[in-house]
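Working notes, beginning with the structure itself.
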Amino acid sequence: MRRPLIAGNWKMHFTVPEGLEYALRLRHDLEPYAAHLDLVVLPPAVMLWEIANALRGCPIKVGAQNAGWEDQGPFTGEISPKMLAGWCDYLLIGHSERRQLFGETDEELNRKLQAAFRHGLKVILAVGETLEEYETGRTVEVITRQLSAALYGITLTAATDLTIAYEPVWAIGTGKAATPQYANQTMGLVRTLLARSFADLAASMRVIYGGSVTPANTRSLMEQPEIDGALVGGASLKAADFIQIVQATAEVVRSKRV
Ligand code: 13P
């Protein structure tokens, strides 16, 4: 069984003091669950260093929501993987909000992935189809294109630090999560595609689900064989909800071990 990963994507929420206070609360309440799963928070860049320090020595890891592909230079407003290296564990790449609102292309995401691995970051690569693509039956085509473009030239060694987040765009922030069966089926496709690039490694790579994950639907999602965790948006901003999502996942892990 693959070890689950629960990641909280805070997007553009919280001030620095609020984020810090929240991280300390999570540190206190989530530590007991770290025996069963990996935990990551993805705060906004402005508070990342502060929160990394607050969580130092604790099993909750930190990650950035985005970074560029160059190490340094005239790229106003951008941060680089080199700046994150050594103290930040994860980097989220290719979130649909980055693709849609900021025009990030598959080719750019490939460069970001290469740069992140060059600096030893673990990567969560997000893929997923839009509502229109879903309704016109193009999910397989879209996921195949996004994955093969982003993973072009990525080595087997680098891929050991790669998690894929399947986030159907129509499920993000809408309250309409994919059904566990649909998510499982599409994530099975993701694993088949991973196997084309990484052969035997694909069986041990994590594929996590994102899109309206709540305490109420966590258990049914996590019980699916292809779902290795969750990338949580809105529900990761409320301690009570995020803790319940982590608890429910830990319970599924425990029940599968029995
Ligand atoms: P919601 O959980 O708010 O739907 O957001 C999902 C997401 O985009 C996580 O990256």
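A few remarks follow.
- For the stretch 9-67, Kirkwood radius (reciprocal of mean inverse C-alpha pair distance, Å): 11.5 Å
- Cα convex hull of the stretch 133-194, projected area averaged across orientations, nm²: 4.7 nm²
- Overall form of the chain per C-alpha gyration tensor (a/c, 1.5; a/b vs b/c): rounded
- Principal axis box of the stretch 23-107, alpha-carbon based, largest edge first, Å: 41, 24, 17
- Intensity falloff of the stretch 119-258 expressed as log10 I(q)/I(0), Debye formula with alpha-carbon point scatterers, at q = 0.15 Å⁻¹: -0.75
- Under 5 Å, built H, 5+ apart or other chain: amide partners of Asp38: Leu5, Ile6
- Mean residue ellipticity at 222 nm, helices only, the chain: -13000 deg cm²/dmol; runs of at least 4 DSSP H residues each add -39,500 (n - 2.57), and the sum is divided by the number of residues.
- Convex hull of alpha carbon positions in the stretch 72-170: directionally averaged projected area 6.6 nm².
- Where the Cα pairs of the stretch 197-245 fall when distances are cut into 10 Å bins, in %: 25, 46, 21, 8
- Summing charges over all other residues whose Cβ lies under 10 Å from the Cβ of Glu108, with Lys and Arg as +1 and Asp and Glu as -1, gives +1.
- Coil-residue trypsin sites (Lys or Arg not before Pro) of the stretch 45-149, DSSP, other Cβ within 10 Å capped at 15: Arg56, Arg138
Taken together, the values in this text are just the output of simple stated rules run on the coordinates, not laboratory data. This structure is a prediction, so every number in the text was calculated from the model and none was measured. Backbone-built Cβ (ideal geometry, glycine too); neighbour counts: all protein chains shown.
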